[in-house]
Amino acid sequence: MKIKENVRWGIIGCGAVTEVKSGPAYQKTNGFQLAAVMRRDEKLAKDYAKRHEIEKYYSTADDLINDESIDAIYIATPPDTHKLYGLRVAEAGKICCIEKPLAPSYQDSKAILEAFEKAKIPLFVSYYRRSLPRFNKVKELLDKGEIGEVRHINWHFNKPANDVDLSQQYNWRTDNKIALGGYFDDLASHGLDLFSYLVGEYDVVKGIGLNQQDLYSSFDSVSACWTHKSGITGSGSWNFGGFSRQDKVTINGSKGEITFSVFDEDPISICNLTDKKEIYIENPENIQLYHVKNIREQLITGTMHPSNGSTATHTSWVMDQILRVDY
């Protein structure tokens, strides 16, 4: 498809994630214009548009999708509506970026991917860690052989139950009809997708999900093990009712190891036969800035974006394998 010099974007679902993390990134990218937003609550949509100096706002998604002046759509709603809106955007023939995870299931992710492939329209997914300098530094270290041949990757994530969990107020993130894995779906997908980027696609994946606290309907504890197609093994554990917050990834190699955090801006630590050092790389204020700039790069130069419908669908498959979802 021919790309216009100035791409006018619309956002479906201008909630908290779009305030700082993503929305301003579209405004700061040359050749992109954030021209319209949609939220079911018209007053909130109007308020968002006014605060961010956006010319149009809507209270229905179809009105935004069918606005002929809008070239591209960023879907930032909860995952259970990604398929609904994604298929409509594909039918409208518009460029699309969808928040992660691409959909609550592998089957729905495949349906979205196939719709955009059939329409021959670019589809991007907001696994933005693939574009962040700190994680590309990790990839560079691995590719250079700083720790020899990679043998194993492990991620342990632990955090206490929050006030909303303890009060048992409704939260879509812990509703098993929307997210079977609960916070695992929302958070672990980031790291699992990143590992595929760092050391290659997954091959065999096994997992166990439990509800240990009985505070909500989705899982609150998940453990997994896997292999990558390269022969690298992996393991992970995610618990959302533990004592303290922990977020540590360790990549073991034949000649050293690298440790880092998926969510915290802790230094990247490298230890090998000759050296031990730490590298600190700060994230941008708008965490999706490089992700959005890479969208522009693909549209203009053809350089493939690291996070697209195909890579995100593979991550959805991994998530389903861990949660033992059978079709």
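The values are calculated or read from the model by the stated rules, or taken from the named source; none is laboratory data. This one's a predicted model, so the numbers in the text were calculated from it and none came from an experiment. No Cβ is skipped: glycine too gets one built from the backbone with ideal geometry, and neighbour counts run over all protein chains shown.
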Notebook entry, point to check: Considering only segment 261-287, how many residues are at pLDDT below 95, under 19 Å from the mean Cα position of the chain (by Cα) and surrounded by 16 or more Cβ atoms within 10 Å (Cβ to Cβ)?
Noted result: 0
Check: Given I153, I208, I178, which one is buried (at least 20 other Cβ atoms within 10 Å of the Cβ), in contact (Cβ under 8 Å) with a residue 40 or more places away in the chain and β-branched (V, I, T)?
Finding: I153
Check: Can you name the number of the only condition in (1) in a helix (DSSP H, G or I); (2) surrounded by 18 or more Cβ atoms within 10 Å (Cβ to Cβ) that E140 fails?
Finding: (2)
Next item on the list: Check segment 181-202 and report whether any residue there is closer than 30 Å to D275 by Cα and polar (S, T, N, Q).
Entry: yes
Next item on the list: Among what's in segment 14-25 and is hydrophobic (A, V, I, L, M, F, W, C), within 18 Å of T81 (Cβ to Cβ) and assigned to a helix (DSSP H, G or I), pick the residue that is farthest from the chain's Cα centre (by Cα).
Entry: A16
Check: Is it fair to say K110 is without any contact (Cβ under 8 Å) to a residue 40 or more places away in the chain and closer than 24 Å to S307 by Cα?
Finding: no
Check: Are any residues in segment 80-98 surrounded by fewer than 24 Cβ atoms within 10 Å (Cβ to Cβ) and under 16 Å from the mean Cα position of the chain (by Cα), and if so, which ones?
Finding: D80, T81, K83
Margin query: Just the residues that are among the hydrophobic types (A, V, I, L, M, F, W, C) and without any contact (Cβ under 8 Å) to a residue 40 or more places away in the chain, please, taken from segment 223-244.
Written below: C225
Check: Taking D214, is it surrounded by 21 or more Cβ atoms within 10 Å (Cβ to Cβ), charged (D, E, K, R) and without any contact (Cβ under 8 Å) to a residue 60 or more places away in the chain?
Finding: no
Check: Going by the structure shown, is S244 in a strand (DSSP E or B), hydroxyl-bearing (S, T, Y), farther than 30 Å from D71 by Cβ and not assigned by TED's automatic domain parsing to the domain that holds Q27?
Finding: no
Next item on the list: Any chance you could count how many residues in segment 121-135 are not in a helix (DSSP H, G or I) and not small (G, A, S)?
Entry: 7
Next item on the list: Residue by residue through segment 160-193, note down the ones that are of a type in the set (A, V, I, L, M), closer than 17 Å to D80 by Cα and touching a helix residue (DSSP H, G or I) at 6+ places or on another chain (Cβ under 6 Å).
Entry: I178, A179
Check: So which residues in segment 288-303 are surrounded by 15 or more Cβ atoms within 10 Å (Cβ to Cβ) and either more than 16 Å from the chain's Cα centre (by Cα) or charged (D, E, K, R) (or both)?
Finding: K293, R296, E297, Q298, L299
Notebook entry, point to check: Of S69, S59, S22, which residue is polar (S, T, N, Q) and in contact with an Asp or Glu (Cβ under 7 Å, 6 or more places away or on another chain)?
Noted result: S59
Next item on the list: Kindly indicate whether D203 is among the acidic types (D, E) and either surrounded by fewer than 16 Cβ atoms within 10 Å (Cβ to Cβ) or in the same structural domain as P79 (by TED's automatic domain parsing) (or both).
Entry: yes
Next item on the list: Assess whether I153 counts as being in contact with a Gly (Cβ under 8 Å, 6 or more places away or on another chain), modelled with pLDDT of 95 or more, part of a loop (DSSP other than H, G, I, E, B) and not charged (D, E, K, R).
Entry: no
Notebook entry, point to check: What number of residues within segment 139-189 are among the basic types (K, R) and closer than 30 Å to K255 by Cα?
Noted result: 3
